[in-house]
Amino acid sequence: MISIRSLAFALVLSLAPLSATSAAESPAVAPAAPPVATSPQAVAKAKPDETQAKLDGWKNEIEQIAAGVQRDGQSDRRLAELRERADAIRSAADDIDRAESPRAAAIEARLKQLGPAPVAKEGEPEPVEADAIKTEREDQQKLLAEAQGRVKQAQLLHLRADEIAKAIADKRRARFADDMAQRSRSVLEPSVWYEAAASMPGVLAGLLYLLRDWFSLLSTRGFETATAVGSVILALLAVLWTARRRLAQLTERRADAAEPGALKRAVKAAGIVLVNVAAPVLSLVGVAWALDAFDLNPARVDLFISALVAGVASAAMVYGIALAILAPGKPQWRLAPVGDQTAVRLLRLFVTLAIVHGFGVWFGRALDVLAAPVATLILTAGLFAVADAVLVMLALRTAARSMAGDEETAEIAEAASETRSSLWRWLLPIGWILALGAAAGALGGYVALASFVTQQMIRTGFLLGALYILLVLADEAILTTFRAASGFGQVMTRSMGLARETVEQIGVVLSGVVRLLLIAMAGLFILAPIGIDGQDVVSDAKVAFFGFRVGGLTISLSAILSGVVFLGLGIAVTRGVQGWLDQRFLPRTRLDVGLKNSIRTSFGYVGTIVSVALAFSVVGLDLQNLAIVAGALSVGVGFGLQSIVNNFVSGLILLAERPIKSGDLVEIGSEKGFVRKINVRSTEIETFDRASLIVPNSSLISGNVKNWMHRDLTGRCLVDVGVAYGSDPADVKAILLDCAATHEKVLKFPTPLVFFTNFGADALEFRLICTVGAVTEAYGVESDLRFAIVEKLRAKGIEIPYAQRDINIRQLGDLGALLERFGLGPTDAADAARSPGASPSSSEEKPS
């Protein structure tokens, strides 16, 4: 009888190569039920004897599977079933390994606590040990040996299952290579045509016999059964085609619609593919289900209907994907960057290809069901392979002319050139090579290889088209959902406190992950026919995720991800406590700003170290082993990372001794500024020019640093003043003290002082010294004092003199000859020297 499983299998293989091992293969005998993979908790609760019995049974079964793999004549389906049984045994053995390993570790810990058995030293009496301790040690050693034995048996089963999986994969690849490399008769040989023509009456007779046998079966069931089957089929068809018509209305692309967005175009395209593929395939599946429900299909009818499903699915896939992407006559809905004329021509070619290819898939498998001669099968497969290859080459030629811009307007070509990827420029030559090779192979006698190549080209084209639609759909859907202005984005922003940029970044990352998954799935479907089994990939992914052993170390991606999660949680908790300290607790203390920053930073270091240690423990790394590795690397660290370690230790010293702290005004060499942040490796200083000066912490520890705010915040103001000779120094002193006393920011204690510092060359020099409460205000206070001093000195008539210089010119007469060369005699020079405002012996310099 027909089964839904066989129909699904036929649908999946609808575009797969036509070969004796896949298309015409009869179902294998159902194998023994594979072992059920129990959870580690269930294994842990099981008794040791029960676990050992399971291990023994799985050992016998794995050996039977290995013998079956080595047996000749096994079909691909039978090998896949053996692979499933081996995978089930491996999964169950891994569960036992995970359950027994902690048990063995616990027994080892108890034995370590009991200690080794005492041994008498030479010349000393034999030590006495309590019988209870001796008995307990022996019991624990026996339990340890049993637990370790079960662990080793489980690991051995895992290894044997891996070996069987590899042997099955190698055998299937070798069989595939042999089938593809086997040369048959060429379609150009007249004898092939003659034998095929001679066999056609027998094939038609077999078809008529199949139909007559089936109709006789229907007639024996009576009118009631036929009425019931017809009613069910009509009801299913009515429901399916009503749903198709409704979905077609929803996915209709109006030619007069405005320019739609990328998301809307992708949704419509996906709906069109679904409408054109699902409706005919599900209709045939529904008919098969109705016949199966009433037991009205013999085995050969089952295979015939499966072939029909495969052919219809092949044609529907090609037509649906081409119509969805090309959208002829509707350029605003088109996903492919081609002109309208090119889209129309390509759609015609793809419609022809869908009909030819779908009919070829059905006809080839139907001939196999009808037991047609080999010559008929070779001729049919070769002719359809050549036809498919020719149609593919025509489509490639049309697409290449479109890419060259031969059939497009300048505007379309310019817009299309922006969206065409270099991938398509690689796919076109590869497609030409494969199509020409397939045609040549069919003509040269390699019909199986040619049929496989053409079918895989069409299959790959459908998968790439579907992948393109899904990528656009996933990208636009995710990015639109996580847009900050969208409803979901606003919910995340308001409810979770995330920034707008963070919400959009989450969408971009999620879109990238989905793209990778879609590309990986498409790659698996594309590579599956050439021997890369999805079971192998899934198994390898499970091993990588749940753990594999390298020596005595188990590396598990799931454990690593758990460690990363715990590390993130630990760092998040650390940041939260730091925020609580910074905003709630520390502001209510009398600690200075530098000490508050040191407490906050130190807590961050401690929290990070604890988080890292917790993550290592979750991953399963022993901190003692890590300490040994760190000790071994200390020599390399001492040489290669000496500067970094030095700066890190210096940063800890800065936080502990606090010679400088955040907010201090420091002076390093010629640079002066405020300390903004003390990091792990360096300290950030903001200069008065608003520039950030990054200073290594070691320079602050080992170098000279002037800290203007180390002990207190007060600062000293120095104002130097020069007055003309003849001024009264007492009046000048009184004016300076009065200016300091009247300024609101100058402290009364220490009292301002005025010093008569020097008899200058041009003036009497005084210095005003006063103190302000904050050193950061000293510069502004000095400026205010200078304004006030100038104002009061001018009010008192006290002059601030210009600089004066005496110039003595010697041997002026010796310069006569030089002056005569410029037309000046000695008399003229003397007159020029005695001109108004000049003196023969001195002159006063005044600024211009």
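Structure summary
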{"quantity": "Proximal aspartates and glutamates relative to LYS264, as straight alpha-carbon distance under 19 Å, when same-chain residues fewer than 8 apart are discounted", "calculated": "GLU252, ASP256, ASP475, GLU476"}
{"quantity": "Surface accessible to a 1.4 Å probe, LEU561 within the full protein complex, Å²", "calculated": "90 Å²"}
{"quantity": "Ranked order, ARG805, ARG173 - accessible area, probe 1.4 Å, largest first", "calculated": "ARG805, ARG173"}
{"quantity": "FRET efficiency for PHE488 and LEU614, using Cβ-Cβ distance with R0 set to 41 Å, rounded to 0.05", "calculated": "0.80"}
{"quantity": "Entries of LYS596/LYS677; LYS661/LYS745; LYS672/LYS733 with Cα pairs more than 22 Å apart", "calculated": "LYS661/LYS745; LYS672/LYS733"}
{"quantity": "Region 428-535 - charge dipole about Cα centre, Lys and Arg +1 at Cβ, Asp and Glu -1, debye rounded to 20", "calculated": "120 debye"}
{"quantity": "Rounded accessible area of ASP49 (nearest 10 Å², 1.4 Å probe)", "calculated": "130 Å²"}
{"quantity": "Reachable lysines from LYS121, criterion Cα separation under 26 angstrom, eight or more residues apart if same chain", "calculated": "LYS112, LYS134"}
{"quantity": "Accessible surface ranking that places the most exposed of ARG77, ARG150, ARG786 first, with a 1.4 angstrom probe", "calculated": "ARG786, ARG77, ARG150"}
{"quantity": "Eligible lysines near LYS268 by straight Cα distance, threshold 19 Å, same-chain separation 8 or greater", "calculated": "LYS330"}
{"quantity": "Mean-position separation - Cα centroids, region 271-334 and region 687-745, in angstrom", "calculated": "90 Å"}
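The values are calculated or read from the model by the stated rules, or taken from the named source; none is laboratory data. This is a predicted model, so every value here is computed, not measured. Every residue, glycine among them, receives a Cβ derived from its backbone with ideal geometry; neighbour counts consider all protein chains shown. These accessible areas exclude ligands, DNA and RNA; they are computed on the full protein's heavy atoms, side chains included. Shrake-Rupley method; radii C 1.70, N 1.55, O 1.52, S 1.80 Å.
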